[in-house]
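What follows is a set of notes on a single structure, which appears directly below.
Bear in mind that the values in this text are calculations on the coordinates, not laboratory data. None of the values given here were measured: they were computed from a predicted structure. In this analysis, Cβ positions are derived from the backbone assuming ideal geometry, glycine residues included, and neighbour counts consider all displayed protein chains.
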Amino acid sequence: MARLDWGHSCIEDVIVRAQQCNVKRTLIGHHDPERDWPQREEMDRQLAMMCAGKPNRIELADADVIVEM
């Protein structure tokens, strides 16, 4: 799905790029504001299944998560 003029990549492109580059952890910090909570929860579930057994994780960021490096 094309997201013209958003100024950033769509989630599908981020997933492909993170997998191609073997990024260990990818947090998707912005998503379509038209998605409701059940859709977001389904995306979380699909991302978890996609990453199961792989060395990299891709997930939607939550407002209360702190990432320490």
For the chain, with the dipole built from +1 on Lys and Arg beta-carbon atoms and -1 on Asp and Glu ones, taken about the Cα centre, which of TRP37, CYS10, CYS51 lies farthest toward the positive end? CYS51
Rounding to the nearest 20 debye, state how big the charge dipole of the chain is about its Cα centre with +1 on each Lys and Arg Cβ and -1 on each Asp and Glu Cβ. 440 debye
Using helices alone, I'd like the mean residue ellipticity at 222 nm for the chain: each DSSP H run of four-plus residues gives -39500 (n - 2.57), total over residue count, nearest 500. -11500 deg cm²/dmol
State the extension gain, in nm to one decimal, for the chain segment bounded by VAL65 and ARG45, taking 0.36 nm per residue of separation less the distance between their alpha-carbons. 5.4 nm
